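Trainee: What follows is a single structure, and I will ask about it in a moment.
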Amino acid sequence: MQLLNTLYITTPDTYLRLDNDTLRVEVERETRLRVPLHHLTAVVCFGHVGLSAPLMHRLAESGLALVLLDDNGRFKARLEGAISGNVLLRQAQFQQAANSAFALDMARTFVAGKIKNTRQVLQRGAREAKTEDESKALARLADNLAASLRALPEAASLDIVRGIEGEAARQYFSGLNLLVRLEQRQTFCMDGRTRRPPRDCFNAMLSFLYAMWMNDCRSALEASGLDPQVGFLHALRPGRAALALDFMEEFRPWADRLALTLINRGQLGAKDFAIREGGGVSLLPDARKAVVVAYQERKRDEINHPLLAQSVPLGLVPLVQARLLARALREEAAPYVPFVAR
């Protein structure tokens, strides 16, 4: 399997054009980069980026996704070519989405994967905490998440599952400040999860990283022949990639881990963020580049996949999981198992 090759464009006022079989990146009319199209699976543009019509046509014809996000990583648009994939698989997906019992079970599964992975983040923080009080506080929050996990099998409706997920997320985010090094806490203090827009530096980083994970998860689902719009946990709405949002839940803690690494190593600081009109906070261009580079490097890390019993690059895990999800939708005897790090 090939590692997801996504080109991220973060420099403001960049222009992209087609040059034979190559994507050419220009800044102020100067060519900065050339990338053969056959090396790419997607192009993701942050903020104000210009594109030529021939390039957009070629990307669509080649089945390469073009994703447009704002400066904070919020989704704006996606250009796709003709629908492909296995129509019988999508038919099975639609039938299972209409099966209330199956949908509820899948929702529980996605939430369980997320809670297990977030709990591991807190448990690791408790082991590495500098003070006994902080260690106990993080261990207590991890125990609360364990209680949420125990409650999931008894959740009799999607609303109850969503309620359990929401309370678990609240508990988890209340402890993230304790995972930040003491000297960085003033800059990266967060009061819960905020978005649209993020209200602090920590949330701005999380929103940016979640946007990149979201794109990779959606691409993995599409590569497996699934419809990213038809999910189980998130309500169906026009324009919402419900299945991609469901699928991404188990991967959110990996974004959190990378954000904490960048913060605690001092790779980002207050100077890397801007406060926008209305109080929103966003990463500055150079900081976005640093986060993208760190994200791409992290995707190369070898991770032991418990079901495959072998190591795979983290960047390939969404593809593996998407194929396991496709199998679960087709075969009743093959339940979906979320990816949980060991």
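Trainee: Just the residues that are open to solvent by 20 Å² or more (accessible area, probe 1.4 Å) and among the basic types (Lys, Arg), please, taken from region 285-314.
Mentor: Those that are open to solvent by 20 Å² or more (accessible area, probe 1.4 Å) and among the basic types (Lys, Arg): LYS289, ARG298, ARG300.
Trainee: Let me ask another. Of ALA146, ALA169, which residue is over 23 Å from ASN264 (Cβ atoms), open to solvent by less than 60 Å² (accessible area, probe 1.4 Å), touching a residue at least 12 places away in the same chain (Cβ under 8 Å) and of a type outside the set (Val, Ile, Thr)?
Mentor: Unique residue meeting the criteria: ALA146.
Trainee: Looking at (1) open to solvent by less than 70 Å² (accessible area, probe 1.4 Å); (2) at pLDDT below 85; (3) part of a strand (DSSP E or B), which is the one condition that is false for LYS76?
Mentor: (1)
Trainee: Let me ask you something else. Only one of (1) of a type in the set (S, T, N, Q); (2) open to solvent by less than 40 Å² (accessible area, probe 1.4 Å); (3) in contact with a Leu (Cβ under 9 Å, 6 or more places away or on another chain) is not met by GLN123, so which one is it?
Mentor: All conditions pass for GLN123, except number (2).
Trainee: OK, next. Of all residues in region 102-121, how many are touching a Lys or Arg at 6+ places or on another chain (Cβ under 8 Å) and of a type outside the set (A, V, I, L, M)?
Mentor: Number satisfying all stated conditions: 3.
Trainee: Checking the structure you have, find out if any residue of region 328-340 is in a helix (DSSP H, G or I), over 14 Å from the mean Cα position of the chain (by Cα), under 30 Å from GLN186 (Cα atoms) and touching a residue at least 60 places away in the same chain (Cβ under 8 Å).
Mentor: Taking every residue of region 328-340 in turn, none turns out to be in a helix (DSSP H, G or I), over 14 Å from the mean Cα position of the chain (by Cα), under 30 Å from GLN186 (Cα atoms) and touching a residue at least 60 places away in the same chain (Cβ under 8 Å).
Trainee: Against the definition (touching a helix residue (DSSP H, G or I) at 6+ places or on another chain (Cβ under 6 Å) and open to solvent by less than 30 Å² (accessible area, probe 1.4 Å)), how does VAL317 come out, yes or no?
Mentor: no
Trainee: Please report, ordered by residue number, the strands (runs of 3 or more DSSP E) entirely within region 1-46 with at least 2 residues that are open to solvent by 40 Å² or more (accessible area, probe 1.4 Å) and not hydroxyl-bearing (Ser, Thr, Tyr).
Mentor: In region 1-46, the matching strands (runs of 3 or more DSSP E) lie at 14-19, 30-36.
Trainee: Could you identify the single residue in ALA139, ALA65, ALA103 that is within 29 Å of PRO198 (Cβ to Cβ), in contact (Cβ under 8 Å) with a residue 24 or more places away in the chain and surrounded by 13 or more Cβ atoms within 10 Å (Cβ to Cβ)?
Mentor: Only one candidate passes the filter, namely ALA65.
Trainee: Just for region 152-166: of the residues that are surrounded by 16 or more Cβ atoms within 10 Å (Cβ to Cβ) and of a type outside the set (Asp, Glu), which one is nearest to ALA98 (Cα to Cα)?
Mentor: Across region 152-166, the extreme among qualifying residues is LEU158.
Trainee: May I pose another question? Can you name the residue in region 216-235 that is of a type in the set (Gly, Ala, Ser) and over 16 Å from ARG252 (Cβ atoms) and is also surrounded by the most Cβ atoms within 10 Å (Cβ to Cβ) among such residues?
Mentor: Among them, the one singled out is SER219.
Trainee: For region 265-284, which positions are open to solvent by less than 40 Å² (accessible area, probe 1.4 Å) and not in a loop (DSSP other than H, G, I, E, B)?
Mentor: Selection gives ASP272, PHE273, ALA274, VAL281, SER282, LEU283.
Trainee: Something else about it: Yes or no: SER174 within 30 Å of LEU68 (Cβ to Cβ) and either at pLDDT below 90 or open to solvent by 10 Å² or more (accessible area, probe 1.4 Å) (or both)?
Mentor: no
Trainee: Just to be sure, is VAL180 among the aliphatic types (A, V, I, L, M) and either surrounded by 24 or more Cβ atoms within 10 Å (Cβ to Cβ) or under 16 Å from ALA326 (Cα atoms) (or both)?
Mentor: Considered against the rule, which asks whether it is among the aliphatic types (A, V, I, L, M) and either surrounded by 24 or more Cβ atoms within 10 Å (Cβ to Cβ) or under 16 Å from ALA326 (Cα atoms) (or both), VAL180 comes out as no.
Trainee: Next question. What are the residues in region 285-312 that are part of a loop (DSSP other than H, G, I, E, B) and either more than 21 Å from the chain's Cα centre (by Cα) or free of Cβ contacts under 8 Å to residues at least 12 places away in the same chain (or both), if any?
Mentor: Residues satisfying the conditions are LEU307, LEU308, ALA309.
Trainee: Could I ask something else about it? Looking only at region 121-139, how many residues end up being out of contact with any helix residue (DSSP H, G or I) (no Cβ under 9 Å at 6 or more places or on another chain) and assigned to a helix (DSSP H, G or I)?
Mentor: 2
The values are calculated or read from the model by the stated rules, or taken from the named source; none is laboratory data. Because the structure is a prediction, the values reported are computed rather than measured. Note that each Cβ is placed from the backbone with ideal geometry, even for glycine, and that neighbours are counted across all protein chains shown. Heads up: the accessible areas ignore ligands, DNA and RNA and are worked out on the full protein's heavy atoms, side chains in. Shrake-Rupley method; radii C 1.70, N 1.55, O 1.52, S 1.80 Å.
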